[in-house]
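Here the structure is laid out as structure tokens; the discussion comes afterwards.
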Amino acid sequence: MFKTIIAAYDGSDHAKKAVEMACDVARRYEATLHIVHTPQVPGETMMVGYSAVPLPPSAEELEKAGEEAIGKAKAVAAENGIAEPVTHVRPGDPGRTIVEYAKTNEADLIVMGRRGLGNFGAMLVGSVTHKVSQLAECAVLTVK
Ligand SMILES: Nc1ncnc2c1ncn2[C@@H]1O[C@H](COP(=O)(O)OP(=O)(O)OP(=O)(O)O)[C@@H](O)[C@H]1O
Ligand SMILES: [Mg+2]
């Protein structure tokens, strides 16, 4: 049933649990595990008159953040029995990136945290999980 599984990793503990669970499912189904990460770097701001204008992060900053995060995700996968996951790092909108990658690779399952790095306690699920649950064509497993 599950041949291609995607774990979405944002560096949070929630996402770490998602990678762990994705590894478990991948091992049981002998599926290929893909890990998708969209680097998000807090941009600096520039003062224009009296207002702070956000500056987009540089390509180098994004690449460095992406490599660091995917390295951590790969280490979690290795600890959980998946030595060589396929990895995909792409800056942009995380929800859209995950959904499009899942479509392109004909994934059967996306595993993600119910929450992530954001900290709005009032929300039950984060915005990325909300978006992916709505737009994905395959099953989505949200990990608490
Ligand atoms: N940049 C990202 N790259 C890859 N996966 C992500 C990314 N951001 C979130 N995810 C996935 O989505 C899950 C939920 O994160 P989400 O961003 O929806 O919640 P949040 O950070 O708590 O809330 P919000 O970002 O809306 O403030 C994460 O555990 C992770 O699996
Ligand atoms: Mg988030």
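None of the figures in this text is laboratory data; all of them are computed from the coordinates on show. Fair warning: this is a prediction, and the values are worked out from it, not measured in the lab.
Some points to look at:
- Note that segment 86-94 has calculated 3J(HN,Hα) couplings of 7, 10, 9, 10, 8, x, x, 7, x Hz, one per residue in order, obtained from phi through the Karplus relation 6.51 cos²θ - 1.76 cosθ + 1.60 (θ = phi - 60°); glycine and proline are x.
- Table column - 3J(HN,Hα) (Hz), segment 100-107, Karplus curve with 6.51, -1.76, 1.60, x for Gly and Pro: 5, 5, 4, 5, 4, 9, 6, 5
- 5 angstrom amide H check on Ala139, placed H, neighbours 5+ away: Ile110
- A full extension of the chain between Val86 and Glu61 corresponds to an added length of 6.8 nm, given 0.36 nm per residue minus the alpha carbon distance.
- Cα gyration tensor shape for segment 18-77, rounded if a/c is under 1.5, else prolate or oblate: prolate
- In angstrom, the C-alpha Rg and Dmax of the chain are 15.8, 59.
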